[in-house]
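Take a look at the structure set out below.
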Amino acid sequence: MTKLYFIRHGESVSNLITQFAGSLDMPLTERGRAQATATAAFLSDVPFSCVYASDLTRAYDTGKAVADSHGVPVYPTVQLREIYAGEWEGKTYSELEEQFPDSYGVWRKQIGLAQCPNGESVAQLQERIRACVEEIVRRHPNETVCIATHATPIRVMECVWMNTPLEKMHTIPWVSNASVTIAEYDENCVGRLIERDLHHHLGDLHTVLAKNV
């Protein structure tokens, strides 16, 4: 079995200002850096062989906190980025509600069917993330690996692990900043969800996405 610990990045500047960052490279806030440190400490006894991280700063720095605390390498990985949101990138959630009522309405109500204008669809994101994760599993049989990524990638992978069609993805809640979600893969590269959104270790540092995302 290969065990994967998925970490959503700590609070970013975009989270703080309720901005849809997508593939924009936004840094962690001071709280986000503290969250990453707390999560690294929480996972101190987990025998990671390495860390893979989205190359976007907010996720990479979160993953690096874990890698540094464990003395293992961290591999920046473009395929682990958040969804490329096209025309939505950099806009606040309120602006999206005003300027893209139809397409953003689908995101809000039935996210699995959403298509970012001139960007990726959620279905395309799922294909990208799933392929990347399965390649990591093939590279690391019977190892324990940390993957630092973003909220939507974790959510689409939960659909994979639970055999939930994208039409029902809206029934799966967002995970918190710097939370831990654990999956296990067998020798046939079939994964199953073990734990999701572990965040009790964050205490007063706990933060979540705004309600209108």
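Key figures
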item	result
Point-charge dipole on Cβ atoms (K/R +1, D/E -1) for the chain, about Cα centre, debye to 20	180
Highest-MSF residue in the chain out of S44, S121, S12 [GNM, Cα springs under 10 Å]	S44
3J(HN,Hα) from dihedral phi, region 39-44, Karplus parametrisation 6.51/-1.76/1.60, rounded to Hz, x for glycine, proline	5, 4, 5, 4, 9, 4
Burial ranking of peptide ranges 78-85, 162-169, 51-58 (average Cβ count within 10 Å, highest at the top)	51-58, 78-85, 162-169
Under Karplus coefficients 6.51, -1.76 and 1.60, residue-wise ³J(HN,Hα) of region 12-28 in Hz, glycine/proline x	9, 4, 5, 4, 5, 9, 6, 10, 7, 7, x, 8, 5, 8, 9, x, 6
Greater than 31 Å apart at Cα, pairs in K91/K168; K3/K91; K3/K168	K3/K91
C-alpha center-to-center spacing [region 178-195, region 1-44] in angstrom	19
Average accessible surface area per residue within the chain, 1.4 Å rolling probe, Å²	43
Carbon and sulfur %, accessible surface of the chain computed with the full protein complex present, 1.4 Å	49
Three-way shape label, region 78-185, alpha-carbon gyration tensor, a/c 1.5	prolate
Fully extended contour minus Cα-Cα distance, from I194 to Q79, at 0.36 nm per residue	39.1 nm
Accessible surface of E195 - all protein chains present, 1.4 Å probe, nearest 10 Å²	80
Gaussian network model of the chain, Cα within-10 Å springs - most flexible of H150, H199, H140	H140
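The values are calculated or read from the model by the stated rules, or taken from the named source; none is laboratory data. Values in this document were obtained by computation on a predicted structure and should not be read as measured data. Using ideal geometry, Cβ is built from the backbone for each residue, glycine included, and neighbour counts are taken over all protein chains shown. The area values use the complete protein model at the heavy-atom level, side chains included, leaving out ligands, DNA and RNA. Shrake-Rupley method; radii C 1.70, N 1.55, O 1.52, S 1.80 Å.
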